[in-house]
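To start, the structure itself, in structure tokens.
The values are calculated or read from the model by the stated rules, or taken from the named source; none is laboratory data. Not measured: the values here are computed from a predicted model. Positions of Cβ are generated from backbone atoms using ideal geometry, with glycine treated the same way; all protein chains shown enter the neighbour counts.
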């Protein structure tokens, strides 16, 4: 469910969210002509972070590892929203 105040509705393709306790804790919207590929972004950032870590650049590697984790979570949320869209 996507909630705004006390009104809730079924999610649409444009909604990716974490729903908790009656209100939405976070809502991510995308209305681009081309959807974001969070899984690919997670893999790219993770690989780049490994190169930075090997090059003794731990602060930048740490940042990219975190960004990779964030993209991976968004990919999971995107997949869950798609499943919910097609469920009866």
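Yes or no, residue by residue, for (1) modelled with pLDDT of 95 or more; (2) exposed (fewer than 13 other Cβ atoms within 10 Å of the Cβ); (3) over 19 Å from the mean Cα position of the chain (by Cα):
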position: 8; (1), (2), (3): no, no, yes
position: 20; (1), (2), (3): no, yes, no
position: 24; (1), (2), (3): no, no, no
position: 36; (1), (2), (3): no, no, no
position: 51; (1), (2), (3): yes, yes, yes
position: 55; (1), (2), (3): yes, yes, yes
position: 64; (1), (2), (3): yes, no, no
position: 80; (1), (2), (3): no, no, no
Scan region 34-65 for residues that are under 25 Å from residue 78 (Cα atoms) and in contact with a helix residue (DSSP H, G or I) (Cβ under 9 Å, 6 or more places away or on another chain) and report the count.
19
